[in-house]
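Please read the structure below before turning to the comments.
The values are calculated or read from the model by the stated rules, or taken from the named source; none is laboratory data. Keep in mind the model is a prediction, meaning the values are calculated, not measured. Here Cβ is always computed from backbone atoms with ideal geometry, including for glycine, and neighbour counts include all displayed protein chains.
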Amino acid sequence: MISLKLIKLSDLEFARKLRNSNRENFYDTKEISKQDMANWFHELNYWFYIIWLGNKRIGTIGIKGDELHNVLIDKKYRKHGYFRQALKTLTKKDYRLEVKSDNEEAIKAYKKIGFKVIGYIMKI
């Protein structure tokens, strides 16, 4: 059973390690330190959840308005429909998110769920 729980201090190390192990899929690919993570947590100004499968943390998802952030599922739990289940627990049903164009695994997964490409973000 998938559930979302607001992040707590005791979840920071899980979220930090998950983010660092997937940092190649972020625009800012630097490794996040424990202090960086603590600073982020104390300045957090949007809803940020840990995705739980029963009593196991398996991912993260942030929600700011209609935009999803830091959507991550631990690699060993991917391709089981857990992100789809997490989305179903949310009351709002119309979200958008940004994905790096070379993150083919995520793009394929998001399209399978029903997300559609609506534009591009350009960077020089």
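Data overview
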quantity	calculated
Residue 60 being closer than 14 Å to residue 2 by Cα and either in contact with a Pro (Cβ under 9 Å, 6 or more places away or on another chain) or touching a residue at least 60 places away in the same chain (Cβ under 8 Å) (or both)	no
Residue identified as within 29 Å of residue 119 (Cα to Cα) and in contact with a His (Cβ under 9 Å, 6 or more places away or on another chain) among 82, 46	46
Which listed residue is assigned to a loop (DSSP other than H, G, I, E, B), at pLDDT below 80 and of a type in the set (Lys, Arg), from 92, 116, 79	92
Residue under evaluation residue 48, criteria (1) over 18 Å from residue 24 (Cα atoms); (2) at pLDDT 85 or above; (3) in contact with an Asp or Glu (Cβ under 8 Å, 6 or more places away or on another chain), criterion not met	(3)
All positions within the range 91-124 that are surrounded by 13 or more Cβ atoms within 10 Å (Cβ to Cβ), hydrophobic (A, V, I, L, M, F, W, C) and either free of Cβ contacts under 8 Å to residues at least 12 places away in the same chain or over 17 Å from residue 49 (Cα atoms) (or both)	99, 106, 107, 109, 115
Selection count where residues are more than 14 Å from residue 40 (Cα to Cα) and of a type in the set (D, E, K, R), scope the range 1-16	1
Where residue 57 falls short, out of the listed (1) surrounded by fewer than 16 Cβ atoms within 10 Å (Cβ to Cβ); (2) more than 17 Å from residue 96 (Cβ to Cβ)	(1)
Count - residues of the range 11-36 that are in a helix (DSSP H, G or I), over 14 Å from residue 55 (Cα atoms) and free of Cβ contacts under 8 Å to residues at least 60 places away in the same chain	14
Some residue of the range 67-74 being assigned to a strand (DSSP E or B), charged (D, E, K, R) and at pLDDT below 95	yes
Pairs with Cβ under 6 Å, 6+ apart, first in the range 67-90 and closer than 19 Å to residue 22 by Cα, second at pLDDT below 90 and part of a loop (DSSP other than H, G, I, E, B)	68/95
